[in-house]
Amino acid sequence: MEPPSSDPDERESIPGLRKIVHIDMDAFYASVEQRDDPSLKGKPVAVGGSAGRGVVAAASYEARKFGVRSAMPSVQAARLCPDLVFVRPRFDAYRAVSRQIRAIFNDYTPHVEPLALDEAYLDVTEDLRGIGSATRIAELIRARIKAETGLTASAGVSYNKFLAKLASDQNKPDGLCVIRPGEGAQFVSALPVRRFHGIGPRGAEKMAKLGITTGADLRGRDIAFLRQHFGSQADYLYRAARGIDLRRVDANRPRKSVGGERTFERDLSSGPVLREALDNIIEIVWERIAKSEAQGRTITLKLRTADFATLTRARSLPQPVADKAEFALTGHMLLDELLPLPQPVRLMGITLSALEGEREAGPHDGDAQLSLL
Ligand SMILES: [Mg+2]
């Protein structure tokens, strides 16, 4: 058998191999804020939260040097970085940039699958401009994003989605990385599984307990083992450990509702404890949303108090929820509206639904207890 070509431009001659580019804006929300407010340039900036409450949605690179990360409680972030500047998120501004970059993507291919406001997969196996080289297209897109938005993006180029996403993360910020056919398995073997798309903090924790921390560890487990422990995700993991990914770039993802709820062992009452509980639920529900590729505009928070009263708050955004940060921020806003509570809370749930005004996910939409996860 011929070894796979190392020239990315000969990929189309290998059956099944595509040319995939993953574009990811660098520290997106924080970079937009620094662009639009020159007084923030060079400063550690956290978008979302405030010195007292909530979670950080995004951190500038200056803030990351202090260990500030997205999804971190604001209190912890402020402790790590006393000069941290908290900025309110402006999703309208982020959406405007998102529209600009999607227009750029569409100049090269109609096969664009957005993952968030600031990242997307592009299938450029056949590109609209006849350029032919995925690497060249990635460089052109990065240059145009810089020129038209004043912001930097990183790009990953490879022969499938899984590897392209890993690659875009490799040389951040303002970087490019190419993983050629024949290099995928080796690239994956050294990586911590935490970096694999689809493996969240909980998934990584579960794997660590099974002795799996790197791609090589994962590759060492057979498909039966993976099915036993990871169910429907087993095939994806088995292939990912080998640098293989059969998922197509899908420009038309389905819309459905996804949510989850949790009954607590002990009733919760204080604000910080409820916020932490909400973060844990969001973590799991967002993994489920990402896996099912659900989209929706309405976020509903449900609380059941010790006296079995059910309180709900819902908010509909003008456009589908873009990413986990927006989902989490909205969830926390809804919780803040309900505080302080008249009674301790025995159950909490959050749902992303497709239709405005839809309060509960349907019976087949996975609005189930989270205890099994
Ligand atoms: Mg990004």
Filter result (β-branched (Val, Ile, Thr), within 16 Å of the ligand (Cβ to nearest atom) and more than 12 Å from VAL21 (Cα to Cα)) within the stretch 107-149: ILE145, THR149
From the options ALA138, ALA143, residue that is under 29 Å from ALA96 (Cβ atoms) and either surrounded by 17 or more Cβ atoms within 10 Å (Cβ to Cβ) or of a type in the set (Phe, Trp, Tyr) (or both): ALA138
Any hit, the stretch 88-99, residues being under 19 Å from ASN252 (Cα atoms), at pLDDT 90 or above and away from the ligand (no atom under 14 Å from the Cβ): yes
In the stretch 17-27, the residues that are away from the ligand (no atom under 15 Å from the Cβ) and buried (at least 24 other Cβ atoms within 10 Å of the Cβ): LYS19, ILE20
Test: GLU183 is of a type in the set (Asp, Glu) and over 25 Å from ILE289 (Cβ atoms): yes
Lone qualifier among ALA322, ALA328, ALA314 - being among the aliphatic types (A, V, I, L, M), within 16 Å of ARG275 (Cα to Cα) and buried (at least 17 other Cβ atoms within 10 Å of the Cβ): ALA328
Residue count for the stretch 28-67, restricted to those that are assigned to a loop (DSSP other than H, G, I, E, B) and either more than 16 Å from the ligand (Cβ to nearest atom) or at pLDDT 95 or above (or both): 15
Lone unmet requirement of (1) in contact (Cβ under 8 Å) with a residue 60 or more places away in the chain; (2) under 21 Å from PHE327 (Cβ atoms) for ARG247: (2)
Condition broken by ASP336, with the remaining ones in (1) surrounded by fewer than 16 Cβ atoms within 10 Å (Cβ to Cβ); (2) more than 27 Å from ALA27 (Cβ to Cβ) satisfied: (2)
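The values are calculated or read from the model by the stated rules, or taken from the named source; none is laboratory data. Remember, it's a predicted structure, so these values are computed and weren't measured experimentally. Positions of Cβ are backbone-derived with ideal geometry, glycine not excepted, and every protein chain shown enters the neighbour counts.
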